[in-house]
Amino acid sequence: MVLWAGGVYLIAQFVESNAITPMVEQYAISLPPGIVIVTQFVFVALGGVWGIIISTPLLVVVMVLIQQLYVNQTLNKHIEVTGSK
């Protein structure tokens, strides 16, 4: 019974982490789920557990910096910054 419970927990955690959370974050901070998943895979390969913990917040920081410093100021195009809804 313990093995079944552990298996169900692992499957639920995998689905939640790799499918549900990126879709919820897309609506909360306007990030495409594909970019979030790719970033998480890259950072887990580079930094292990700490990489997965900081991957999405760091992605948001990079996206906002690109939007503010490059698109808004350099190209002089006004766009809505991620998370400013």
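At-a-glance table
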| quantity | calculated |
| --- | --- |
| Amide proton proximity set for residue 31, modelled H, under 5 Å, gap of 5+ | 26 |
| Fewest-first ranking of 21, 39, using other Cβ atoms within 10 Å as the exposure measure | 21, 39 |
| Computed lengthening from residue 41 to residue 65, 0.36 nm per intervening residue step minus Cα-Cα distance | 6.5 nm |
| Sites residue 26 and residue 54, calculated FRET efficiency, Cβ-Cβ separation with R0 22 Å, nearest 0.05 | 0.70 |
| Area projected by the alpha carbon convex hull of the chain, averaged over all directions, nm² | 6.6 |
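Coordinate-derived values only; no laboratory data. As the structure is a prediction and not an experimental result, all values here were calculated from the model. Every residue, glycine among them, receives a Cβ derived from its backbone with ideal geometry; neighbour counts consider all protein chains shown.
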